[in-house]
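Trainee: One structure follows; several queries about it will come next.
All of the numbers you see were taken from the coordinates with simple rules; none came from a lab. Only a predicted model underlies this, so the values are computations on that prediction, with no experimental measurement involved. Every residue, glycine among them, receives a Cβ derived from its backbone with ideal geometry; neighbour counts consider all protein chains shown.
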Ligand code: F6P
């Protein structure tokens, strides 16, 4: 049994990170008698002078409903470099981190992160250091797990935003465009669009065409609904075009909401407004589901380590937490099936995805 384990959070934050940290600490210290050390600011905290904190049941008391991560996080750091668009993992920082973990007496790591962070975790595993990953992304786009914590909270927030936009859209006879997160996939847009009664949902998996979008707005108009709600994922793109970036050097997406707003206004003559929900989807308290999922992931991750597993990620499959190889978790993206049940149901109730083939039926 390990005497001391470390825990860190990497990548963008997500509601529920603190729920996982609390669960890991309670399980490791209470159930298995291990010491638990928090590594600050992702893997960066085990470089140089190292930045760590001792985690006890007292330290984590009261953090379950708290947003963000008490450990801090970093999106990109010293452990990965992009070369020709591909990640490369330099030896130097990993060697330094392994030496520092040895000095600190940390014998195994629990790493909370999305595919980028988990790919770094895999490098530690490949060098013989025991690691268990916990999947985190509000985008819910990791193929190995049916759900990631943070996603359900993000949907709640996007749905509330759509509800609020609905009343103002109806009052002013306007088109409202809500841009939500979803770098590669349209899960948030699809789920929130269904829950918040959007009329048009634009997602990366279905390139859209303005003729189709405009036809839907005008069709609603002709039937007496003088307002339209559009939800667009930040990674959505027009047919034959690429996703839009606000900052190409950092590959930060942005601008599609404003673009759709401008074009819809120009082509329909209707007053159209844009709201970019942004980081409101990531900040703040996790909902009950994400607290529960995070707690379950945390305890299962410690149990996996304690039973000798390494190089694995905890994952939700068919309602049960299982472990899957980290390599699987890092490589496969879960996109919205374009002919899947949710998309079909959305179309059945009259939602359009703006594809050129779609003829709005209302
Ligand atoms: O991966 C989650 C995510 O929310 C993406 O949808 C979004 O593009 C990205 O994080 C933004 O992260 P940041 O602003 O921290 O770079």
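Trainee: What per residue convex hull volume, in Å³, comes out for the stretch 270-362 when only alpha-carbon positions are used?
Mentor: On the way: hull volume 17.6 nm³, N = 93.
Considering the Cα atoms of the stretch 270-362, their hull volume per residue is 190 Å³.
Trainee: Where the Cα atoms of the stretch 61-208 are projected onto their three principal axes, how long is each span, largest first, in whole Å?
Mentor: Between the extreme Cα coordinates on each principal axis of the stretch 61-208 lie 64, 44, 24 Å.
Trainee: Let me know the Rg and Dmax you get for the stretch 100-139 when you use only its Cα atoms, in Å.
Mentor: Computed over the Cα atoms of the stretch 100-139, radius of gyration and Dmax are 10.9, 36 Å.
Trainee: Once you sort the root eigenvalues of the Cα gyration tensor of the stretch 68-134 as a ≥ b ≥ c, which label holds: rounded (a/c under 1.5), prolate (a/b larger than b/c) or oblate (the other case)?
Mentor: Oblate.
Trainee: Mind jotting down the distance between the C-alpha centroids of the stretch 307-362 and the stretch 1-69, whole Å?
Mentor: Comparing the Cα centres of the stretch 1-69 and the stretch 307-362, I get a distance of 29 Å.
Trainee: Compute the convex hull volume of the Cα atoms of the chain, divide it by the residue count, and report the result per residue in Å³ as a whole number.
Mentor: Value for the chain: 128 Å³ per residue.
Trainee: Helix 288-306 sits at what angle to the longest principal axis of the chain, using alpha carbons and giving 0 to 90 degrees rounded to 10?
Mentor: Value to nearest ten degrees: 30.
Trainee: Something else about it: Sort the stretch 1-139 into rounded, prolate or oblate with this rule: let a ≥ b ≥ c be the square roots of the eigenvalues of the Cα gyration tensor; rounded if a/c is under 1.5, and if a/c is not under 1.5, prolate when a/b is larger than b/c, oblate otherwise.
Mentor: Judged from the Cα gyration tensor, the stretch 1-139 comes out oblate (a/c at least 1.5, b/c at or above a/b).
Trainee: If we sort 302-309, 56-63, 12-19, 232-239 on the protection proxy, mean other Cβ atoms within 10 Å, highest first, what's the order?
Mentor: 12-19, 232-239, 302-309, 56-63
Trainee: Sticking with this structure for a sec: Shape verdict for the stretch 146-277, please, from the Cα gyration tensor: rounded (a/c under 1.5), prolate (a/b greater than b/c) or oblate.
Mentor: Oblate shape, in that a/c is at least 1.5 and b/c is the bigger or equal ratio.
Trainee: Could you give the angle, 0 to 90 degrees to the nearest 10, between helix 210-222's Cα long axis and the longest principal axis of the Cα atoms of the chain?
Mentor: 60 degrees
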